[in-house]
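Chemist: Attaching a single structure in structure tokens format; questions to follow.
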Amino acid sequence: MAKQHAKRRDPVSFMLRLLVRASACIATGALVALVGYVLIQGLRYMKPSLFAWTYTSDNVSLVPALINTVVMTVLALIISVPFAIGTAIYLVEYAKRGSKLVSMIRLTTETLSGIPSIVYGLFGMLFFVTALGWRLSLLAGAFTLAIMILPLIMRSTEEALLAVPDLYREGSFGLGAGRLRTVFKVVLPSAMPGVLAGVILAIGRIVGETAALLYTAGTATRLPDSIMKSGRTLSVHMYVLSNEGLHIGEAYATAAVLLIIVFAMNTLSAMVAKKIARGSNG
């Protein structure tokens, strides 16, 4: 009877496996096609003038935008990561599990994660640019992006902390360590790969963000000498070039550079996460 039942289920299992493999092939093929198309279109427009230090209407250099992207990413992470990790540690290690406060914070972060980026841009324009008087600046853009990525990093860190077995905490407490030492010496290092995964996703969102930065950081082409000055990132630079319609090839080249940078950041972060995971396991 068991063999007959297994035979009856074989066609269903085969169809499910076939559907899963087809879905994986379609998703991978779409990704490869998209990346390949952007690289093919962009690499042929790569030229030395595109990497000139100063932007002009002739060379439409992306170097100022590239530097602004790095500065914007670093500022946003410096602002958001400590608050996100601290909040996640409080929710998992200190707050009473199942309390209304924890549920409210989680509901708020999930709601913030689903808000369109244009809404964040309007908030940043009204609060940072206008109310605080920062005007269009890298700092206003960085604070706006920090608010955007805060729920993402916080939820990833929270899930990573929850995945750490309670035996680690009990063993640390049994050896006489306090809660604070247990969190920062035992729990957080074990959860670091998950934390870095959230940071990687946040970096990807920062680098690819356009709508929010149009209202907060502006589209100035020069390389700002201060974080209180306006400047465009690579995604904004690509948007402006494609919107003008005069430098479509350079826009594809900028997109190719953006893809390469994101791939390099993700690869480096994955290597760091694996190294930390090996160290914590050791």
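Just so you know, all these numbers are worked out from the coordinates, no wet-lab data involved. Because the structure is predicted, anything quoted here is derived from the model rather than measured. All Cβ positions, even for glycine, are placed from backbone atoms using ideal geometry, and neighbour counts span all protein chains on display.
Chemist: For segment 218-262, divide the Cα radius of gyration by the Kirkwood radius and give the resulting Rg/Rh value with two decimals.
Modeler: Numbers: Rg = 11.3 Å, Rh = 11.1 Å.
Result: Rg/Rh = 1.02.
Chemist: Let me ask something else. For the modelled label position 7 Å from the Cα of Ala270 along Cα-to-Cβ, which residues of segment 195-210 have backbone nitrogen atoms closer than 20 Å?
Modeler: 195-208
Chemist: Students often get this wrong, so check it: of Lys96/Lys274; Lys185/Lys275; Lys96/Lys185, which have C-alpha atoms separated by over 25 Å?
Modeler: Numbers: Lys96/Lys274 32 Å; Lys185/Lys275 17 Å; Lys96/Lys185 22 Å.
Violating the 25 Å limit, Cα to Cα: Lys96/Lys274.
Chemist: Determine how many Å³ per residue the convex hull of the Cα atoms of segment 1-123 encloses.
Modeler: Details: hull volume 30.3 nm³, N = 123.
About 246 Å³ per residue, rounded to a whole number.
Chemist: What is the spin-label model distance, in nm, from Ala131 to Val262 if the labels are put 7 Å beyond Cα along the C-beta direction?
Modeler: For Ala131 paired with Val262, the spin-label model returns 3.1 nm.
Chemist: Which whole-Hz ³J(HN,Hα) couplings does segment 64-77 yield from phi under the Karplus relation 6.51 cos²θ - 1.76 cosθ + 1.60, θ = phi - 60°, glycine and proline marked x?
Modeler: Once θ is set to phi - 60°, the couplings for segment 64-77 become x, 5, 5, 5, 4, 5, 5, 4, 4, 5, 4, 4, 4, 5 Hz.
Chemist: Efficiency by 1/(1 + (r/R0)^6): what FRET value for Asp10 and Glu93, r their Cβ-Cβ distance, R0 = 51 Å, to the nearest 0.05? Write down the numbers at each step before the final one.
Modeler: Working: r = 48 Å, r/R0 = 0.93.
Using R0 = 51 Å, I get an efficiency of 0.60.
Chemist: In whole Hz, with x marking every Gly and Pro, tabulate ³J(HN,Hα) for segment 171-178 from phi via Karplus 6.51 cos²θ - 1.76 cosθ + 1.60, θ = phi - 60°.
Modeler: x, 5, 5, x, 8, x, 6, x
Chemist: Now for a different question. For segment 48-56, just list the computed ³J(HN,Hα) in residue order, Karplus coefficients 6.51, -1.76 and 1.60, θ = phi - 60°, integers in Hz, with x standing in for Gly and Pro.
Modeler: x, 5, 5, 10, 5, 5, 10, 7, 9
Chemist: Taking the Cα atoms of the chain alone, what are Rg (to one decimal) and Dmax (as a whole number) in Å?
Modeler: That works out to 23.2, 78 Å for Rg and Dmax.
Chemist: Once you wrap a convex hull around the alpha carbon atoms of segment 186-282, what is its projected area averaged over all directions, in nm²?
Modeler: Result: a mean projected hull area of 7.8 nm².
Chemist: In whole angstrom, how far apart do the alpha carbon centroids of segment 142-203 and segment 60-138 sit?
Modeler: 18 Å
Chemist: If I take R0 = 22 Å and measure r between the Cβ atoms of Asn243 and Ser113 in this structure, what FRET efficiency does the formula 1/(1 + (r/R0)^6) give, to the nearest 0.05?
Modeler: With R0 = 22 Å, the Cβ-Cβ based efficiency is 0.20.
Chemist: Oh, and also: Determine the gain in length on full extension of the stretch Gln41-Leu175; use 0.36 nm per residue of separation and subtract their C-alpha separation, reporting nm with one decimal. Write down the numbers at each step before the final one.
Modeler: Values: separation 134, 0.36 × 134 = 48.24 nm, distance 5.99 nm.
Roughly 42.2 nm would be gained on extension.
Chemist: A further question follows. So what's the projected area for segment 146-185, the Cα convex hull averaged over all directions, in nm²? Spell out each step's value before the answer.
Modeler: Values: hull surface 12.8 nm².
Averaged projected area of segment 146-185's Cα convex hull equals 3.2 nm².
Chemist: Taking the Cα of Leu122, stepping 7 Å toward and past its beta carbon, and measuring to each backbone N in segment 227-246: which are under 12 Å?
Modeler: Those under the cut-off are none; the list is empty.
Chemist: Which three semi-axes in whole Å describe the equivalent ellipsoid of segment 55-140, each the square root of 5 times a Cα gyration tensor eigenvalue, listed largest first?
Modeler: Details: eigenvalues 245, 52, 29 Å².
Each semi-axis is the square root of five times an eigenvalue, giving 35, 16, 12 Å.
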